[in-house]
Amino acid sequence: MRQAVSMVARMGFRLQELPCVLGRQLSCAQDVLRRTPLYDFHLAHGGKMVEFAGWSLPVQYRDSHVDSHLHTRQHCSLFDVSHMLQTKILGSDRVKLMESIVVGDIAELKPNQGTLSLFTNEAGGILDDLIVTNTSEGYLYVVSNAGCCDKDLALMQNKVREFQNKGSDVGLEVVDNALLALQGPTAAQVLQAGVADDLRKLPFMTSAVMEVFGVSSCRVTRCGYTGEDGVEISVPAAGAVHLATALLENPEVKLAGLAARDSLRLEAGLCLYGKDIDERTTPVEGSLGWTLGKRRRAAMDFPGAKVIVPQLKSKVQRRRVGLMCEGAPMRAHSPILSTEGTVIGTVTSGCPSPCLKRNVAMGYVPYEYSQPGTLLLVEVRRKQQMAVVSRMPFVPTNYYTLK
């Protein structure tokens with residue numbers, strides 16, 4: 001679920017202000033770049049650091065972007081995503097509070113089960129995408145985009161105060177942990193060597209607290225932003241370097257940065273907030289109608305429901321689609337045209353696919369042009385070239401589910 005400069009200008013990952021995370025009281029208006037607990041670790045391993053929305057983060061390491069991308073698909077890679085906002089929603093009315101600001105059915109989540117959901121406004125626009133986990137420890141664990149931190153934190157804090165003023169039992173805490181993502185087909189095998197829990201019993205979008213390579217109180221969630229099997233590990237900041245070092249001792253694991261993360265998520269058809277979805281996009285327009293819980297649709301009790309629910313049964317004016325083309329790669333803001341040459345939409349994300357050896361992109365087109373197989377034109381460097389609407393994900397996902 002939500003900007004950058006230099007080599008990542010077209011990626012737009014996540015962050016505006018993180019008031020509490022990692023124990024710093026900083027404003028994004030300041031020139032001081034935030035550093036994750038792994039900053040020195042990145043430098044020691046050849047990380048090429050860039051400014052990214054107020055953070056100093058690695059765009060890549062000694063390996064090329066393409067090599068890192070393919071290593072993730074074939075083995076596994078370690079990403080530092082500690083810039084993400086992690087929060088706990090506490091109290092006996094926590095589910096009621098969360099359902100007052102998201103579209104998902106949080107009440108139906110089993111213990112330690114999570115779901116992708118959306119913050120929406122009354123106009124039906126997407127404020128951010130986020131993952132909500134119903135932990136067995138009596139709180140909701142929420143991970144949301146750093147690029148939306150200001151408004152996400154304000155939204156949740158204001159709602160907590162509103163509920164508290166009505167006598168409800170709710171609270172909010174910002175989690176002061178680092179966040180590491182281990183992604184790729186061998187990720188579980190690598191991680192299993194450092195945990196006592198049987199990871200075969202931890203399917204996609206479930207979570208558990210465990211000791212990981214000697215670091216206690218880690219929350220391991222089977223999820224990620226690459227389309228591959230993998231985990232995100234919320235680790236106490238003091239143990240982040242130890243954990244990263246232990247993981248890298250396995251030759252299967254290499255470090256990867258923002259560049260590979262962006263091309264991997266695009267091959268997997270995953271949205272980047274601020275690029276592919278934003279406050280002007282409804283879930284249905286963004287092809288995210290599946291995030292709306294059935295009970296929530298019927299009750300129409302989430303922000304923007306009066307706009308969003310009717311769209312589920314109608315032909316919205318525009319839809320997010322996948323595109324593939326040969327020739328020059330499509331980039332954000334490239335015009336999309338009908339075969340007659342009329343501009344009908346815009347590319348929101350695009351790159352050459354390292355796996356497919358073809359150019360892939362996402363963009364918005366009118367509903368009548370959204371069917372897979374529809375031929376269109378895209379304008380790249382003032383030249384028009386053929387493109388075809390394609391199903392997403394472009395590369396099959398490999399999430400681990402129990403059979």
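Structure notes:
- Matching residues in the range 156-187 - criterion: being surrounded by fewer than 19 Cβ atoms within 10 Å (Cβ to Cβ) and either part of a helix (DSSP H, G or I) or not assigned by the TED database to the domain that holds THR221 (or both): GLN157, ASN158, LYS159, ARG161, GLU162, GLN164, ASN165
- Whichever residue in the range 57-94 is over 25 Å from ARG219 (Cβ atoms) and small (Gly, Ala, Ser) and, among such residues, is surrounded by the most Cβ atoms within 10 Å (Cβ to Cβ): SER68
- Taken together, the residues in the range 294-316 that are part of a loop (DSSP other than H, G, I, E, B) and either of a type in the set (Phe, Trp, Tyr) or at pLDDT 95 or above (or both) amount to 7.
- Any pair with Cβ under 6 angstrom, 6 or more apart, that starts in the range 265-287 at a residue that is at negative phi and ends at one that is among the small types (Gly, Ala, Ser) and surrounded by fewer than 21 Cβ atoms within 10 Å (Cβ to Cβ): GLU267/SER353; PRO283/GLY289
- Elements of type strands (runs of 3 or more DSSP E) in the range 29-147, at least 3 residues being more than 24 Å from VAL395 (Cβ to Cβ), under 19 Å from the mean Cα position of the chain (by Cα) and of a type in the set (A, V, I, L, M): 126-134
- Subset of the range 276-315 [charged (D, E, K, R), surrounded by 22 or more Cβ atoms within 10 Å (Cβ to Cβ) and more than 18 Å from ASP105 (Cα to Cα)]: ASP276, GLU285
The values are calculated or read from the model by the stated rules, or taken from the named source; none is laboratory data. Everything quoted here is computed from the prediction, not taken from an experiment. Please note: Cβ atoms are built from the backbone with ideal geometry, for glycine as well, and neighbour counts cover all protein chains shown.
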